[in-house]
Amino acid sequence: MSSVLDREIPLSAIEPEHIDGEPERVRHIRSQAAERFNALGWPTTRLEEWKYTSLAALASNDWKFDRKLPNDRTGTSPFGEKAAAELMFVNGMLYANRASLANEHPGIRIVPMREAMDSELFAQHFARYADYEKHAMTALNTALWQDGAYIEIAPGTVVEGFIHICSISGPVKEHPVMTQLRNLIVAGRGSQITVVETFFGAGPYFTNAVTEIVAGEGAVVDHYKYENESLDAFHIGTVQIHQERSSNVTSRTIALGGGLVRNEINAALAGEGASLSMEGIFVLSGRQHVDNHTVIDHVAPHCDSVELFKGVLDENARGIFDGRIIVEPDAVKTNSRQTNKNLLLSETAVIDSKPSLEIHNDDVKCNHGSTIGQLDEEALFYLRSRGIGAEEARNLLVYAFASEIVERMKVPVVRETAAGALFLRMPGRMAEKLGRTEEVIN
Amino acid sequence: MLDIKDLHAGIDGKEILKGLTLHVGTGEVHAIMGPNGSGKSTLANVLAGRPKYEVISGTVTYQGKDLLTLPTEERSREGVFLAMQYPVEIPGVNNIYFLKAALNAVRKHRGEEELDAMEFLQLAREKMKLVELDEAFMSRGVNEGFSGGEKKRNEIFQMAVLDPKLAILDETDSGLDIDALRIVAQGVNALRSEKHSVLVITHYQRLLRYLVPDFVHVLADGRIVKSGGKELAEELEQKGYEWIEEEVAAAR
Ligand SMILES: Nc1ncnc2c1ncn2[C@@H]1O[C@H](COP(=O)(O)OP(=O)(O)OP(=O)(O)O)[C@@H](O)[C@H]1O
Ligand SMILES: [Mg+2]
């Protein structure tokens with residue numbers, strides 16, 4: 001057991017939190033990352049990348065690591081036994097490991113990060129893509145992480161079903177805790193894998209998660225991030241995707257919970273002919289603040305990317321979509337499309353939409369756009385004129401807006417959970433159901 | 001069934017209905033004809049409760065109830081159905097899901113048991129045949145990508161499923177070829193009984209050949225200016241509206 005448990009960690013100036021017996025390279029990276037965090041400091045709204053989101057409330061708190069279960073609760077997976085393998089973390093520490101069956105396959109290795117540090121591919125890929133030099137929150141995670149999921153799929157291996165990385169958080173004895181989850185997914189050449197990450201919990205806490213995904217040549221990777229944190233929680237999450245030649249990655253983000261959320265999804269299309277579909281839906285109400293920040297970096301020629309983010313905002317919610325597409329000088333024949341659509345359900349909800357393209361060569365086909373609209377009054381009347389109540393009509397239209405993304409989700413239990421949660425989160429039913437995916441914690 | 005007395009109503013502060021009075025008895029089919037902009041759709045929309053229309057004065061009694069105080073969905077559940085002149089497309093809301101939700105809302109209101117998916121599909125299939133709509137339409141979004149004629153047939157299909165007491169058809173015949181017209185008429189005639197009333201708004205006598213009305217009214221400048229039997233429709237078709245407008249002017 002690590003020495004850091006049950007200890008407050010002041011986050012004004014941090015020390016690396018080494019794990020007993022970690023390899024020299026990891027020790028070194030942690031120390032560097034801690035130094036970088038201390039040098040960079042907490043991001044402030046003076047930074048262009050953070051101009052809509054202040055972390056002042058987060059930075060002023062002292063958070064501690066703790067892997068005791070949140071007050072008198074036990075962790076239960078929102079997906080039951082449906083996942084082919086599952087690692088469950090409570091407050092960032094391993095709580096349940098249901099991967100042994102999947103690990104019987106010679107091409108599949110699913111283990112906690114703590115147990116993976118000696119492997120060759122870990123050494124090759126860990127902390128290579130999520131940039132702790134420039135990004136303070138990634139540096140914070142890199143210096144402090146205690147566990148997470150390591151998934152390694154051998155070349156040519158097709159994993160049936162999906163792998164679930166489940167993060168549950170919550171305060172222990174009213175003490176604010178933090179989750180610094182760190183995951184690494186390495187999909188070998190021509191392999192195929194679906195990974196679902198879920199985040200939820202109760203009460204106030206702070207999640208800062210980093211996931212690095214490496215899609216090897218020709219690999220097909222489907223990644224889902226299902227964020228339904230407590231409304232009192234801070235959630236900062238970075239998914240960093242690295243794509244090699246002809247790989248095909250689908251990234252879907254569902255953001256429903258959290259009081260203050262920063263959701264970074266970044267991808268580098270580094271090998272020729274790689275393709276990426278990046279989709280997201282965020283549904284917010286109350287005083288929720290969700291900042292979606294995406295960067296798609298076209299490094300190699302002949303790559304395709306399609307990005308679609310949709311936001312539904314009610315009451316006093318604040319949403320941000322800041323999406324950047326970069327086409328590097330060598331990335332000729334790039335095909336890229338970026339869209340952000342938003343639905344405002346109240347006059348006090350606010351969305352800032354900032355799609356942007358940065359193109360450094362002439363031989364590309366790129367377009368981007370964003371829309372902000374209200375519910376269609378004509379459609380509302382039409383539904384009501386057929387006997388459907390005003391509230392249900394509204395829910396139907398909100399769902400219709402979101403359905404384009406939800407219905408493309410290939411994992412049935414994720415699709416159904418998302419659809420169910422969307423219905424629950426809709427205006428009118430919100431108060432009673434806020435912030436819970438299922439009865440995950442009893 | 002429906003009793004409209006001295007109804008004044010408008011939109012965006014502009015008065016369009018200027019003292020309209022009309023009585024529709026149970027089991028009757030009434031046709032309303034009239035020049036463009038005379039207020040036909042305004043009447044239909046006021047009856048259905050479309051939000052942006054304002055009632056200035058007058059009363060509308062439907063089955064003994066004050067219709068104007070009921071919210072839109074209540075009117076529908078009470079049996080008022082408007083087949084719209086311009087049905088809206090609602091991508092993402094599945095046609096069949098929508099109609100099942102609508103029917104069950106209506107049934108619940110009537111104190112009837114809600115239909116499950118199987119029962120509903122059976123009913124829907126039967127009614128689809130009536131309007132000769134292909135089942136493939138049902139899995140699409142509401143009116144999504146439907147042609148004009150398909151949208152109109154979908155209105156009649158919905159009407160057939162919901163089985164309203166008072167059906168109002170706002171130019172459901174406009175833009176339809178003769179086959180589609182026959183199908184629409186077929187749908188309306190199937191509904192027709194001594195318990196159902198129909199208000200057909202139309203510009204053409206064509207539809208009225210299939211759908212013989214008990215009464216024909218001319219709506220001009222926000223009022224019913226002339227009423228008669230089915231032969232009035234033929235007269236209007238031949239002579240246009242001018243002679244009526246002149247008659248009205250002369251009478252002032
Ligand atoms: N938003 C609006 N503001 C002001 N006037 C309007 C508005 N909408 C409609 N009108 C006017 O109201 C009048 C009546 O419109 P209505 O749609 O009831 O006519 P109609 O008899 O159905 O005509 P048509 O045969 O063309 O369908 C028209 O003069 C129209 O221009
Ligand atoms: Mg009209």
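The values are calculated or read from the model by the stated rules, or taken from the named source; none is laboratory data. The shown structure was predicted, so the numbers you read here are calculated from the model rather than taken from an experiment. No Cβ is skipped: glycine too gets one built from the backbone with ideal geometry, and neighbour counts run over all protein chains shown. Please note that ligands, DNA and RNA were not included when accessible areas were found on the heavy atoms of the full protein model with its side chains. Shrake-Rupley method; radii C 1.70, N 1.55, O 1.52, S 1.80 Å.
Does A:A202 meet the test of being surrounded by fewer than 24 Cβ atoms within 10 Å (Cβ to Cβ), in contact with a Pro (Cβ under 8 Å, 6 or more places away or on another chain) and among the hydrophobic types (A, V, I, L, M, F, W, C)?
Against the criterion (surrounded by fewer than 24 Cβ atoms within 10 Å (Cβ to Cβ), in contact with a Pro (Cβ under 8 Å, 6 or more places away or on another chain) and among the hydrophobic types (A, V, I, L, M, F, W, C)), A:A202 qualifies.
Considering only region A:271-287, I want to know if a residue exists there that is assigned to a loop (DSSP other than H, G, I, E, B), open to solvent by less than 10 Å² (accessible area, probe 1.4 Å) and polar (S, T, N, Q).
yes
For region B:42-75, which residues satisfy the criterion of being under 13 Å from A:R384 (Cα atoms), open to solvent by less than 20 Å² (accessible area, probe 1.4 Å) and out of contact with any helix residue (DSSP H, G or I) (no Cβ under 7 Å at 6 or more places or on another chain)?
The answer is B:N45, and nothing else.
When the residues of region B:76-102 are filtered to those that are free of Cβ contacts under 8 Å to residues at least 40 places away in the same chain and buried (at least 19 other Cβ atoms within 10 Å of the Cβ), which remaining residue is farthest from the other protein chains (Cβ to nearest Cβ)?
Among those that are free of Cβ contacts under 8 Å to residues at least 40 places away in the same chain and buried (at least 19 other Cβ atoms within 10 Å of the Cβ), it is B:K100.
Hey, A:A331 hits all of (1) among the hydrophobic types (A, V, I, L, M, F, W, C); (2) in contact (Cβ under 8 Å) with a residue 12 or more places away in the chain; (3) more than 21 Å from A:C303 (Cα to Cα); (4) open to solvent by less than 60 Å² (accessible area, probe 1.4 Å) but one; which does it fall short on?
A:A331 satisfies all of (1) among the hydrophobic types (A, V, I, L, M, F, W, C); (2) in contact (Cβ under 8 Å) with a residue 12 or more places away in the chain; (3) more than 21 Å from A:C303 (Cα to Cα); (4) open to solvent by less than 60 Å² (accessible area, probe 1.4 Å) except (3).
Inside region A:384-395, can you point out the residues that are within 7 Å of chain B (Cβ to nearest Cβ) and either open to solvent by less than 10 Å² (accessible area, probe 1.4 Å) or polar (S, T, N, Q) (or both)?
Answer for region A:384-395, where residues must be within 7 Å of chain B (Cβ to nearest Cβ) and either open to solvent by less than 10 Å² (accessible area, probe 1.4 Å) or polar (S, T, N, Q) (or both): A:S385, A:R386, A:G387, A:I388.
Helices (runs of 4 or more DSSP H) wholly in region A:311-425 with at least 3 residues that are modelled with pLDDT under 95 - which ones?
A:390-406, A:412-425
Please indicate, with yes or no, whether at least one residue in region B:64-72 is within 16 Å of ligand 1 (Cβ to nearest atom), at the interface with chain A (Cβ under 10 Å from one of its Cβ atoms) and β-branched (V, I, T).
No.
Residues in region A:104-126 that are assigned to a loop (DSSP other than H, G, I, E, B) and surrounded by 23 or more Cβ atoms within 10 Å (Cβ to Cβ): how many?
Result for region A:104-126: 1.
Any residue in region B:200-219 that's without any contact (Cβ under 8 Å) to a residue 40 or more places away in the chain and more than 14 Å from every other protein chain (Cβ to nearest Cβ): show its pairings with residues that are within 15 Å of ligand 2 (Cβ to nearest atom) and of a type in the set (S, T, N, Q) at Cβ separation under 9 Å, as long as the two are six or more apart or on different chains.
Cβ pairs passing all conditions: B:Y204/B:S174; B:L207/B:T172.
Among helices (runs of 4 or more DSSP H) lying entirely in region B:17-111, which contain 1 or more residues that are on the phi < 0 side of the Ramachandran plot and at pLDDT below 95?
Filter on region B:17-111 gives B:95-109.
Can we say A:F381 is aromatic (F, W, Y), facing chain B (nearest Cβ under 7 Å) and in contact (Cβ under 8 Å) with a residue 12 or more places away in the chain?
Considered against the rule, which asks whether it is aromatic (F, W, Y), facing chain B (nearest Cβ under 7 Å) and in contact (Cβ under 8 Å) with a residue 12 or more places away in the chain, A:F381 comes out as no.
Is it the case, given these coordinates, that B:G10 is over 23 Å from A:F381 (Cβ atoms), touching a helix residue (DSSP H, G or I) at 6+ places or on another chain (Cβ under 9 Å), small (G, A, S) and within 9 Å of ligand 1 (Cβ to nearest atom)?
no
If you check every pair at least six apart or on different chains, which have Cβ atoms under 7 Å apart with a residue in region B:34-52 that is within 14 Å of chain A (Cβ to nearest Cβ) first and a residue that is assigned to a loop (DSSP other than H, G, I, E, B) and within 8 Å of ligand 1 (Cβ to nearest atom) second?
Final answer for the pair search is B:S41/B:Q85.
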